[in-house]
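Report on the structure given below.
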Amino acid sequence: MPASVPFGRLDSSRLLALGGICMVLIAMLLGEIYAIYISHVANGIIRQSWTAVVEAATQGNAFAVEENFAVIQDLTEKRGRTMNTHSHLGAFGLLALVLAFIQPVLPLTDRRKRQFAVMFLLGAVLQSGGVYVSYYVGRWAVYLADVGAVLFIIAVGGNLMALLSRQPAPSLSETLLVQLAPSASRFLVKAGLLLILAGMVFGLYYSWGLVSVDRPAVFSAIDATVEGVANQDAATAGESIAQFKRMQSKIAITAAAHSHAIEFGLIIILLAFIQRYVLLDDAWRLRWARVLAVGAYLLPVCVYLATMYGLRAAAFADLFGGMVMLGLIAMGFGIVRYTGAADLKSVKAE
């Protein structure tokens, strides 16, 4: 059993660490469900609707144009709400892990820290959940999201004010040494930095391809579509709008591969600072860290390959995403064990 620093019951660091892992897990699960069961179907319907819009425009059928545009708008809004929730939960999870790391250096009482932690997690859930369900239940859910945003701002602002205060607090350098004591922590820091570097290098490479190849192809497809509609050439216009949709998908998928690499790199680095809360044998902590890192490295690669190999590469991306989630679940389980052990020790001491 690894040596651990004892914490009081419901410690804010562990609460934020566990909450952050849960939010990242939910964000990934939502992304997986959307990619597998919604995205491909929606893209196919949108592509068909665009073709129908072009055909209706060449025939002068305004009603059919409006009807198909309504389908495109609805599916685009649904995709936007889902991706908004996915990205916000992931970002909130990252910030929760950051706050978990700085809790020991905040000159606040344990009770105040826990209050801010609960407000942060509740605000994150309400904000993300309100945005997502507003698509299904109407605009009133947006007000729920606003309440969550206010709670979130208060919690983050409280932590920031405490961090900027001049009251005495434990040294950040000493805290950093304690946080990075486990071997899994040191492995994760190196793996995360390398993955961020790879993601940035890939982004630099693709920015050249986007400017020189993909963006001109998108504009060319739009021009060809407009020209086909003007000449009442439905076949040419339909082929051009399909090319436009394919290029848009390629750009979106490539951008996702780039951003996922950097996001996973950040997650890996932040997870390094909470390994001392994971009550597992040191060897098992390192094994789960490696499982998570392998999945995080190969998922963006498979996402990018999906632009060339389609659903076969996407299936492997889902597999490696599952490895990341498995590693996160194992770490979350270790934090729960740590909490139980700390609480039991506290009860015995009483």
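Rule-based calculations on the coordinates, nothing more; no lab input. What you are looking at is a predicted structure, and each value in this text was computed from that prediction instead of being measured. Here the Cβ is made from the backbone with ideal geometry for all residues, glycine too, and neighbour counts use every protein chain on show.
Each label was represented as a point 7 Å from its Cα along the Cα-to-Cβ direction; for THR109 and ILE329 these points are 4.0 nm apart. Using every pair of separate Cα atoms, the Kirkwood estimate puts the hydrodynamic radius of the stretch 180-350 at 18.7 angstrom. The Cβ shell under 14 Å around ALA235 holds other residues with a net charge of -4, Lys and Arg each +1, Asp and Glu each -1. A simple spin-label model places pseudo-atoms 7 Å from Cα toward Cβ; at TRP284 and TRP208 they are separated by 4.8 nm. Computed extension gain for ILE36 through ARG81, at 0.36 nm per residue and net of the alpha carbon distance, reaches 14.5 nm. Taking a sphere under 12 Å around the Cβ of ALA117 and counting the other residues whose Cβ falls inside, with K and R at +1 and D and E at -1, yields a net charge of +3. The charge dipole of the chain, taken about its Cα centre with unit charges on the Cβ atoms of Lys, Arg (+1), Asp and Glu (-1) only, comes to about 1480 debye. Most tightly packed first, judged by the mean number of other beta-carbon atoms within 10 Å of their residues, the peptides 144-157, 285-298 read 285-298, 144-157.
Phi angles across the stretch 232-242 convert, under the Karplus curve 6.51 cos²θ - 1.76 cosθ + 1.60 with θ = phi - 60°, into 3J(HN,Hα) values of 6, 9, 5, 5, 5, 5, x, 5, 5, 5, 5 Hz, Gly and Pro given as x. Three principal axis extents of the stretch 99-138 based on alpha-carbon atoms, in descending order, are 43, 17, 8 Å. For the Cα trace of the chain, dividing Rg by the Kirkwood Rh returns an Rg/Rh value of 1.06. The residues neighbouring TYR277, those whose beta-carbon lies less than 12 Å from its own, together hold a net charge of +3 under the Lys/Arg +1, Asp/Glu -1 convention. Across the stretch 9-176, the mean sequence separation of Cα contacts (distance under 8 Å, 6 or more residues apart), normalised by length, yields a relative contact order of 28 percent.
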